[in-house]
1. Out of the residues in the range 142-171 that are of a type in the set (D, E, K, R) and open to solvent by 10 Å² or more (accessible area, probe 1.4 Å), which is nearest to GLU73 (Cα to Cα)?
2. Residues HIS102, HIS89, HIS107: which one is of a type outside the set (Gly, Ala, Ser), in contact (Cβ under 8 Å) with a residue 60 or more places away in the chain and open to solvent by 20 Å² or more (accessible area, probe 1.4 Å)?
3. Restricting attention to the range 11-58, and to residues there that are among the β-branched types (Val, Ile, Thr) and part of a helix (DSSP H, G or I), which single residue is surrounded by the fewest Cβ atoms within 10 Å (Cβ to Cβ)?
4. For the range 172-214, how many residues meet the condition of being within 19 Å of ALA234 (Cα to Cα), more than 6 Å from ligand 1 (Cβ to nearest atom) and either in contact (Cβ under 8 Å) with a residue 24 or more places away in the chain or open to solvent by 80 Å² or more (accessible area, probe 1.4 Å) (or both)?
5. Residue by residue through the range 110-145, note down the ones that are without any contact (Cβ under 8 Å) to a residue 60 or more places away in the chain, in contact with a strand residue (DSSP E or B) (Cβ under 8 Å, 6 or more places away or on another chain) and aliphatic (A, V, I, L, M).
6. Using the structure shown, decide if LYS52 is within 16 Å of ligand 2 (Cβ to nearest atom) and within 20 Å of SER229 (Cβ to Cβ).
7. Return a yes/no flag: does the range 83-104 have any residue that is assigned to a helix (DSSP H, G or I) and within 16 Å of GLY8 (Cα to Cα).
8. How many residues are in contact (Cβ under 8 Å) with a residue 40 or more places away in the chain and within 16 Å of ligand 3 (Cβ to nearest atom) if we restrict to the range 1-32?
Amino acid sequence: MLIVQKYGGTSLVDAPRLQAAARRAVGLAKQGDRVVMVVSAQGDTTDEMIEKAACINKRRAAREMDAYLAAGEQMSAGLMAMAIGALGHSAVSLTGWQAGIHTDGAHGNARITGINCERICRELDAGKIVVVAGFQGVDAQGDITTLGRGGSDTTAVALAAFLKADRCQIYTDVDGIYDRDPRQFADAVRFDRISYDQMMALVENGAQVLHDRSVEFAREYGIAVEVLSAFTGAPGTVVG
Ligand code: ADP
Ligand code: ASP
Ligand code: MG
């Protein structure tokens, strides 16, 4: 089975959480699955980077902001590959452009236009767990782009679509999709399953649990997206 699994910032915030994600991926690989991990920047890294940049230049160029912000996800990818290595399994980290993720040139909010999966497939064939830095790609000029806040979800769903993955799992800090934000409403109700349209309506109402374009991609390519807790691994919500 080919499985794409994405880990968000809180799910990678420190060494124990990063190692827990690495153990899950290695467990699957040992079972014979092919695993592609998509990682976000750790914790609040992206927010902190944006604050730093604002101190340097209030009217900074979007191109340079992308070059800078993409590094948050690259750091996670390198660390994750090292964490997997420490467990005795081989892994390779890839930036968005190394992974063949092509986008338009809309810096800060780029749209994925296609993925050349050759490199990823070659690494999977060599028995490696492939760790892809989320939230980023490369435009037709060869410049680094980012996909908009929360964009690692879209990296994962797009990879699942282009790789024709059997499963697409979004590991996060809640155990699925609720009718309202479960952190704000104690009586929020969790869905076992939800349609793309219902999910899109939640996203349009401000639920940042999934990036809007990840839901659009899932709907277009018919990808069932599993949203589940990185902490418990219990079955969460299937979108689609
Ligand atoms: P990640 O770092 O894993 O990408 P996000 O912070 O982007 O995580 O999204 C997860 C958060 O989305 C949860 O912590 C939760 O507070 C929030 N959220 C908002 N609305 C919902 C909803 N309807 N169902 C689940 N989570 C929601
Ligand atoms: N690190 C980026 C952000 O904070 C992308 C992501 O987490 O999906 O928006
Ligand atoms: Mg997110």
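The values are calculated or read from the model by the stated rules, or taken from the named source; none is laboratory data. In this text the structure is predicted, and so the values were computed from the model without any measurement. For neighbour counting, all protein chains shown are included, and Cβ atoms are generated from backbone atoms with ideal geometry for every residue, glycine included. Heads up: the accessible areas ignore ligands, DNA and RNA and are worked out on the full protein's heavy atoms, side chains in. Shrake-Rupley method; radii C 1.70, N 1.55, O 1.52, S 1.80 Å.
1. The initial filter retains those residues of the range 142-171 that are of a type in the set (D, E, K, R), namely 143, 149, 153, 164, 166-167.
Checking which are open to solvent by 10 Å² or more (accessible area, probe 1.4 Å) leaves us with 143, 149, 164, 166-167.
Numbers: ASP143: 16, ARG149: 12, LYS164: 24, ASP166: 24, ARG167: 22 Å.
The selected residue is ARG149.
2. Details: HIS102 fails: in contact (Cβ under 8 Å) with a residue 60 or more places away in the chain; HIS107 fails: in contact (Cβ under 8 Å) with a residue 60 or more places away in the chain.
Answer to the selection: HIS89.
3. ILE56
4. Counting residues in the range 172-214 that are within 19 Å of ALA234 (Cα to Cα), more than 6 Å from ligand 1 (Cβ to nearest atom) and either in contact (Cβ under 8 Å) with a residue 24 or more places away in the chain or open to solvent by 80 Å² or more (accessible area, probe 1.4 Å) (or both) gives 9.
5. ALA110, ILE115, VAL138, ALA140
6. Numbers: within 16 Å of ligand 2 (Cβ to nearest atom): yes; within 20 Å of SER229 (Cβ to Cβ): no.
No; evaluated as a whole, the condition is false for this residue.
7. Taking the range 83-104 and keeping what is assigned to a helix (DSSP H, G or I), we get 83-86.
In the following step, the residues that additionally are within 16 Å of GLY8 (Cα to Cα) were identified as none.
No - not one qualifying residue is present in the range 83-104.
8. 10
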